[in-house]
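Encoded as structure tokens, here's the structure I'll be asking about.
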Amino acid sequence: MKHQFNYCPNCATPLQQISQEEDGGAKVRTRCPACEWTHWNNPTPVLAAVIELADREGQVLLARNAAWPGKFFGLITGFMEAGETPMDGIAREVAEETSLQVDSLKLIGVYEFKRMNQVIIAYHAVARGEIVLSPELAEYKTIPPAEVKCWPAGTGQAMADWLVSRGITPQWLDLPPRRPTE
């Protein structure tokens, strides 16, 4: 996902696509011709958690974001805050979005999500407590790990990798292809 900037945030000059020599060669980026400000458009770090419920026989928590169309359930995710570690950030996100207390965290992996220009840092979180959803989430379900169906993008690969680490062969959702966006 590319952010569209039309004017320089420093001097309000209209931005242009300008080629400039950088490490590794010339790069065309959105730049200001007046003050040389550059929009780097680097990927945003997003944190994700495969939540295993310690007090519910190891079931996995999946949630549906209130802003998502349809009935898709996914992992708890959120953006890292300035000054926090990824582990602190995902523990905070789990608590904010579900009211669960995280007992332990283990890194699953780091995944690209090019469509959203994000890098996903995914953790296995063992958590407990009463599930109370934030307004950001519409509903949740808990299911045994062997019944989880993985999705082919974003955090779905993290879920599949976690299942493999548990000796479970991932099952995949059969989703229709995405329509290209202009």
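Here, each number is a calculation from the coordinates, and none is a lab measurement. In this text, all values refer to a predicted model and were calculated from it rather than measured experimentally. Here the Cβ positions follow ideal geometry from the backbone for every residue, glycine too, while neighbour counts run over all protein chains shown.
Given Cβ point charges of +1 (Lys, Arg) and -1 (Asp, Glu) and nothing else, what value in debye, to the nearest 20, does the dipole of the chain about its Cα centre take?
640 debye
Here is a follow-up. For the range 1-41, just say rounded, prolate or oblate: build the C-alpha gyration tensor, square-root its eigenvalues into a ≥ b ≥ c, call rounded for a/c under 1.5, and beyond that prolate if a/b exceeds b/c, oblate if not.
Taking the square roots of the gyration eigenvalues as a ≥ b ≥ c, the range 1-41 is oblate.
Let me ask you something else. For the chain, with the dipole built from +1 on Lys and Arg beta-carbon atoms and -1 on Asp and Glu ones, taken about the Cα centre, which of 126, 165, 25 lies farthest toward the positive end?
25
Pairs of alpha-carbon atoms within less than 8 angstrom and 6+ residues apart define the contacts here; what relative contact order does the chain have, in percent? Don't skip to the answer; put the middle values down first.
Numbers: 348 pairs, mean separation 36.4, N = 182.
Contact order relative to length: 20 percent.
Could you state the number of Å between the C-alpha centres of the range 20-51 and the range 56-105?
Taking the Cα centre of the range 20-51 as reference, the centre of the range 56-105 is 28 Å away.
With the alpha-carbon atoms as the only input, what is the per residue convex hull volume for the range 44-172 in Å³?
Working: hull volume 13.1 nm³, N = 129.
Hull volume over Cα atoms, normalised by residue count, gives 101 Å³.
Identify all aspartates and glutamates with a Cα-Cα distance to residue 141 below 18 Å; exclude those on the same chain that are fewer than 8 residues away in sequence.
Partners within reach: 52, 55, 57, 93, 96, 97, 130.
Here is a further query. Using θ = phi - 60° and the Karplus form 6.51 cos²θ - 1.76 cosθ + 1.60, what ³J(HN,Hα) does each residue of the range 74-82 get, whole Hz, x for Gly and Pro?
Per-residue couplings from phi come out as x, 7, 6, 9, x, 8, 5, 8, 4 Hz.
With the crude spin-label approximation of a point 7 Å out along Cα→Cβ, what separation in nm comes out for residue 4 versus residue 55?
4.8 nm
Which percentage, to the nearest 5, of the DSSP beta bridges contained in the chain is antiparallel?
Values: 35 of 47 bridges.
The answer is about 75 percent antiparallel.
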